[in-house]
Amino acid sequence: MNTSQTTEQARPVFPFTAIVGQEEMKLALILNVIDPKIGGVMIMGDRGTGKSTTVRALVDLLPEIQVVENDPFNSDPYDPELMSDEVREKAQQGQTLSVTASKIPMVDLPLGATEDRVCGTIDIEKALTEGVKAFEPGLLAKANRGILYVDEVNLLDDHLVDVLLDSAASGWNTVEREGISICHPARFILVGSGNPEEGELRPQLLDRFGMHAQIGTVKEPDLRVKIVEQRAAFDEAPNEFRQSYLESQTNLTDQLTEARERLASVEIDYDLRVKISQVCSELDVDGLRGDIVTNRAAKALAAFENRTQVTPEDIFRIITLCLRHRLRKDPLESIDSGDKVQEVFSRAFGFQE
């Protein structure tokens, strides 16, 4: 307990529930926490719209998970798919694993990070002289079962973005050096943010993000004043400001924990699944990622709102976030604001505008 208090005093984080507006971004992040298999979020917006603040505020809300104590990969003590080799061997031999509860980790990827820093390194000398696989885990190991946040992802080297997206999609990270190969679980929610003025990601990279949230500068003067006042209050007395949002933060964390447990029992009718695929087909979305993500996000939204049945309204609320970035065929095209997706949705689902 003391550690978290000292961390809080060292660098207090703006409370998630205090963030005004930007509902699209908040919803996308929440749904990914409920179902990490949605595949992450790409957040694009102007400078100074609170992208980083919102993502970092998410840390407070993250529920606790069971991890194997002193394991650099946050191994799941009960799921072999989420265990490092060492932990899996112990489990297979019937050894007792010491388990502890830990917050879902969130890892920041620095812009200048090297591939070794991200993937981890193998100490070849130690491997050859001592005959052991001397592996130094990287950021992907630290992010296993958590969130990996890349600010200015559109400025990141394409090769590194490929590595991140491959790990996020497969759930594994493989490091190979001089004939030695190490593989470890790396299942994380990839959250990227960027400013469209600095260039978009290539369409094939964009497609790998589950959802795409677009945020703009708040235009209403009243809301702008409220945001400025809140920021001033937080900068003046961060711990007191956080204290005033403690109850709403706790409630949201409980809601997220319950939604994660409820997710498995949420159902989506066959005819709704057909209509989702009809929308994807009409929009000429390449591949089936759009269909899969839309189904998953709709179920996560129903779970979040304490329901076990997906409604057409759920799909309407998330379908733009899931599909808008998959419509771009030409790298020079700009991303659809969502009108096109909503128009096709309304036709397919028989909604009248």
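No lab work stands behind these numbers, since they all come straight from the coordinates. This one's a predicted model, so the numbers in the text were calculated from it and none came from an experiment. No Cβ is skipped: glycine too gets one built from the backbone with ideal geometry, and neighbour counts run over all protein chains shown.
Annotations
- Spatial separation of Cα centroids for segment 11-59 and segment 252-278, in angstrom: 20 Å
- Of the beta bridges in the chain, as assigned by DSSP with both residues counted there, near 40 percent are antiparallel.
- From its DSSP helices (H runs of at least four residues, each -39,500 (n - 2.57)), the chain gives a residue-normalised ellipticity at 222 nm of -14000 deg cm²/dmol.
- Anisotropy class of segment 47-137 from Cα gyration tensor, a/c 1.5 cut: oblate
- Largest GNM mean-square fluctuation across E125, E200, E23, computed for the chain with C-alpha springs under 10 Å, falls on E125.
- Estimated dipole of segment 265-349 in Debye, rounded to 20 [Cβ of Lys and Arg +1, of Asp and Glu -1, Cα centre]: 200 debye
- Taken along the Cα-to-beta-carbon direction at a fixed 7 Å, the label points for V20 and S52 span 2.2 nm.
- Rounded to the nearest 10 degrees, the angle from helix 289-304 to the longest Cα principal axis of the chain is 90 degrees.
- A straight chain from K37 to D116 at 0.36 nm per residue would run longer than the Cα-Cα distance by 25.9 nm.
- A dipole drawn for the chain from +1 and -1 charges on Cβ atoms has a positive end, and of V310, L165, T17 the residue lying farthest that way is V310.
- Using C-alpha pairs under 8 Å with a sequence gap of at least 6, the mean separation divided by the residue count of segment 234-308 gives a relative contact order of 44 percent.
- The simple Förster model, with R0 at 30 Å and r as the Cβ-Cβ distance, assigns S346 and E267 a FRET efficiency of 0.80.
- Segment 198-353 shape via C-alpha gyration tensor axes, a/c threshold 1.5: oblate
- Highest mean packing comes first when the peptides 301-314, 237-250 are listed by Cβ atoms within 10 Å, giving 301-314, 237-250.
- Using the Cβ of S98 as centre and a radius below 12 Å, the other residues enclosed give a net charge of -1, where K and R count +1 and D and E count -1.
- Among E178, E267, E197: highest mean-square fluctuation, GNM of the chain, C-alpha pairs under 10 Å: E178
- Positive-end residue of G287, A91, Q230, charge dipole of the chain with Cβ unit charges: Q230
- Length added when fully stretched, E69-D166, from 0.36 nm per residue minus Cα-Cα: 32.2 nm
- Calculated translational diffusion coefficient of segment 265-349 (10 °C, 1.306 mPa s; Stokes-Einstein with Kirkwood radius over alpha-carbon pairs) equals 123 µm²/s.
- Among V59, I122, L82 the positive-end extreme of the charge dipole of segment 15-163 (Cβ point charges): V59
- Once the chain from E197 to R307 is taken as fully extended at 0.36 nm per residue, the excess over their C-alpha distance is 35.6 nm.
- Ranking of D85, D291, D269 by count of other Cβ atoms within 10 Å, fewest first: D269, D85, D291
- Using a cutoff of 8 angstrom between alpha carbon atoms and counting only pairs six or more residues apart, the relative contact order for the chain works out to 22 percent.
- Segment 265-349 - percent relative contact order, Cα under 8 Å, separation 6 or more: 35 percent
- Three-way shape label, segment 205-292, alpha-carbon gyration tensor, a/c 1.5: oblate
- Placing +1 on the Cβ of every Lys and Arg and -1 on the Cβ of every Asp and Glu, with no other charges, gives the chain a dipole of roughly 440 debye about its Cα centre.
- Pairs with C-alpha atoms separated by more than 27 Å, drawn from the list K103/K226; K26/K226; K275/K340, are K103/K226.
- In this simple spin-label approximation, Q243 and E81 carry label points 7 Å from Cα along the Cα→Cβ vector, and these lie 4.5 nm apart.
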